[in-house]
Amino acid sequence: MALFKKKQSDLSELKLPEHIGIIMDGNGRWAKKRHLPRSAGHNAGGKTFRTISRYCSDIGIKYLTVYAFSTENWRRPKEEIDALMKLFKDYLEEALRDFKDDSIVVRFIGEKNPFSDDLKALMLENEEGSKGRDGMVLNIAMNYGSRDELVRAVKKISSGVKNGEIDIDLIDEQTISDNLYTAGQPDPDLIIRPSGEYRISNFMLWQSAYTEFVIMNKLWPDFSKEDLDEAIRIFNQRNRRFGGV
Ligand code: FPP
């Protein structure tokens with residue numbers, strides 16, 4: 001508790017990012033280092049996800065977007081996908097059961113259709129059940145890919161033009177933003193990628209035009225509250241100019 005207070009007061013001198021994105025990477029390598037199956041790495045990553053999402057809410061982050069499963073992750077072996085689906089299901093059941101008094105708004109970004117009926121139902125129940133809350137918005141990116149999101153936006157806008165709802169001459173950047181899964185939310189100020197990889201991996205391509213990236217040399221299961229604090233400190237040292245001088 002003392003440590004938490006110290007961390008909070010440490011952070012109180014810093015500007016908090018309003019929206020943080022996290023590419024939760026390194027579960028497989030974490031497991032390999034321990035001679036464990038990849039699913040053990042995902043289970044450990046699931047625990048870190050619970051700790052870090054709670055911590056972000058506690059310190060006053062308004063939006064957190066976590067990359068849980070990409071449109072490309074379906075290429076993984078079936079047993080790994082099954083283990084991940086079980087992990088998502090367990091978390092979503094737990095979220096419904098235990099977090100009744102929570103303030104976190106749970107949202108999913110990505111196309112829900114490919115998921116099993118019970119997982120889809122849990123996703124909807126979590127979204128519906130947390131809708132009226134006033135706390136941090138937690139976007140869980142599942143079957144999410146930014147290129148796919150942009151294709152979907154183009155289709156929505158095109159059909160708006162076709163049926164006369166959208167004037168083609170009035171299409172601007174805001175029109176694109178308004179047709180993404182993150183419509184109405186601020187763009188991420190900070191995207192953190194643990195595990196030392198310098199890649200964006202099809203995550204929030206449009207939304208990250210002016211995002212600060214922090215790459216950390218920790219595998220996701222080992223990522224701690226202190227690492228999040230450190231990323232926020234690094235973010236505070238950046239001089240954000242948004243294309244100006
Ligand atoms: C990438 O690491 C991680 C994933 C594809 C899965 C992320 C999922 C979790 C952290 C589970 C928690 C999420 C919820 C919503 C309960 P990797 O497997 O590619 O790692 P590697 O690059 O070391 O192989």
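The values are calculated or read from the model by the stated rules, or taken from the named source; none is laboratory data. Computed from a predicted structure; not experimentally measured. For neighbour counting, all protein chains shown are included, and Cβ atoms are generated from backbone atoms with ideal geometry for every residue, glycine included. In case anyone asks, the SASA skips ligands and DNA or RNA and just uses the protein heavy atoms, side chains included. Shrake-Rupley method; radii C 1.70, N 1.55, O 1.52, S 1.80 Å.
In the range 180-193 there is at least one residue matching the filter, namely being farther than 28 Å from R34 by Cβ, within 17 Å of the chain's Cα centre (by Cα), surrounded by 12 or more Cβ atoms within 10 Å (Cβ to Cβ) and polar (S, T, N, Q).
In the set S159, S130, S224, S146, only one residue is at pLDDT 95 or above, among the small types (G, A, S) and surrounded by 15 or more Cβ atoms within 10 Å (Cβ to Cβ); that residue is S146. Quick one: would you say L119 is in contact (Cβ under 8 Å) with a residue 40 or more places away in the chain, open to solvent by less than 30 Å² (accessible area, probe 1.4 Å) and assigned to a helix (DSSP H, G or I)? In short, no. Applying the condition of being at pLDDT 95 or above, open to solvent by 30 Å² or more (accessible area, probe 1.4 Å) and within 27 Å of R133 (Cβ to Cβ) to the range 94-116 and asking which residue is nearest to the ligand (Cβ to nearest atom) yields R107.
The rows are residues; the columns are (1) within 24 Å of D148 (Cα to Cα); (2) touching a residue at least 60 places away in the same chain (Cβ under 8 Å); (3) not charged (D, E, K, R).
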residue: W30; (1), (2), (3): no, yes, yes
residue: T48; (1), (2), (3): no, yes, yes
residue: R54; (1), (2), (3): no, no, no
residue: E72; (1), (2), (3): yes, yes, no
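Within the range 159-182, none of the residues are closer than 29 Å to E72 by Cα and touching a Ser or Thr at 6+ places or on another chain (Cβ under 7 Å).
In this structure, A83 does satisfy being in contact (Cβ under 8 Å) with a residue 40 or more places away in the chain, open to solvent by less than 80 Å² (accessible area, probe 1.4 Å), assigned to a helix (DSSP H, G or I) and within 16 Å of the ligand (Cβ to nearest atom).
Can you tell me how many residues within the range 60-80 are part of a loop (DSSP other than H, G, I, E, B), surrounded by fewer than 16 Cβ atoms within 10 Å (Cβ to Cβ) and more than 13 Å from the ligand (Cβ to nearest atom)? Total satisfying the criteria: 1. Selection within the range 25-37: residues that are open to solvent by 10 Å² or more (accessible area, probe 1.4 Å) and more than 6 Å from the ligand (Cβ to nearest atom). The member of this set that is nearest to R193 (Cα to Cα) is W30. Going residue by residue through the range 42-59, is there one that turns out to be of a type outside the set (G, A, S), more than 9 Å from the ligand (Cβ to nearest atom) and touching an Asp or Glu at 6+ places or on another chain (Cβ under 6 Å)? No; the residues of the range 42-59 include none that is of a type outside the set (G, A, S), more than 9 Å from the ligand (Cβ to nearest atom) and touching an Asp or Glu at 6+ places or on another chain (Cβ under 6 Å).
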